[in-house]
Amino acid sequence: MKRHIYYNSICMLLLSVCTLMMSSCDDDDTYADMKDKEKRAINSFLLDNEFCGPIKVISEEEFLENDTTTDVSKNEFVLFKENGIYMQIVNRGEGKSMMEFAKEQKDSTTTQRILCRFLEYDIEAGATIQSNLSSPSIVDKMQCTYAQKGRSYSASFEEGYMLNKYSTSAVPSGWLQPLKYIRLTRNSGRKAEVRLIVPHSSGTNNASGYVLPMYYEISYQLGN
């Protein structure tokens, strides 16, 4: 009986050691390892996914030649080499661009309130994190500023799911990428809509910290 108990104790000890060793190995993943994992996850998502199917990647040169549009019927996404963001413009939207607002106001900068409805999906985990697409009365609000000098964009969340989820008003730079190409209107039936694949370096603080790529579906509408 004592021998049986001793044997079981040894087995449990060995199992604990193995578990700790495996956990230690996971913790020892380098930044390069995590980036490789992220790259593989993105490449797999490009080949097929539950949202839009296999993706055809086009270059920035092709994107510009096509008047900064992506052919949704061919499921085109443009890849921006500078930051690794993939973008599909589903609807460009009506109204004016942030640049046009600045020129109209004859000012060096313009600030607009933008209402966003979105879906956020963790590509590595294969799971939707959050979405307000099915809640017409719920929107994420952000104040966005465009500065003509340097043609830079900055924004902060005022309220909504993103602010509550990540406890920061900082808007991921990936969310600002489409603002260079879309138009903003208060007409909800004519709002701009995009799809994005955002690597960790252009994502939320959480995505950046854990090196996680995200897929987004976002609509942009001018607020009051």
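A short reminder: the numbers here are calculations on the coordinates, not readings from a lab. Everything numeric here is computed off the predicted structure, so don't read it as measured data. With ideal geometry, Cβ positions are generated from the backbone for all residues, glycine too; neighbour counts draw on all protein chains shown.
So here's what we get for this one:
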{"quantity": "For Val78, net neighbour charge (Lys/Arg +1, Asp/Glu -1) across residues whose Cβ lies under 14 Å away", "calculated": "-2"}
{"quantity": "Local electrostatic count, Ser97, Cβ distance below 12 Å [Lys/Arg +1, Asp/Glu -1]", "calculated": "+3"}
{"quantity": "Candidates Met162, Met34, Met98, ranked by Gaussian network fluctuation over the chain, Cα under 10 Å, top entry", "calculated": "Met34"}
{"quantity": "Structure-derived Rg and Dmax of the Cα atoms in Å: which label, when the choices are (i) 18.2, 56; (ii) 22.1, 90; (iii) 20.7, 70", "calculated": "(ii)"}
{"quantity": "Sum of side-chain charges, Asp140 neighbourhood, beta-carbon under 9 Å (Lys, Arg +1; Asp, Glu -1)", "calculated": "0"}
{"quantity": "Under-5 Å amide H pairs with Leu212, H placed in peptide plane, nonlocal only", "calculated": "His200"}
{"quantity": "DSSP-defined antiparallel bridges as percent of all bridges, the chain, nearest 5", "calculated": "95 percent"}
{"quantity": "Positive-end extreme of charge dipole, region 31-222 - chosen from Ala155, Pro213, Leu196 (charges on Cβ)", "calculated": "Ala155"}
{"quantity": "Long-range HN-HN contacts of Glu159 with modeled amide H, under 5 Å", "calculated": "Lys141"}
{"quantity": "Protection-proxy order for peptides 188-195, 84-91, 69-76, each taking the mean of Cβ atoms within 10 Å per residue, highest first", "calculated": "84-91, 188-195, 69-76"}
{"quantity": "Near-label residues of region 139-161 by backbone N, under 17 Å of a point 7 Å along Cα→Cβ of Leu64", "calculated": "151"}
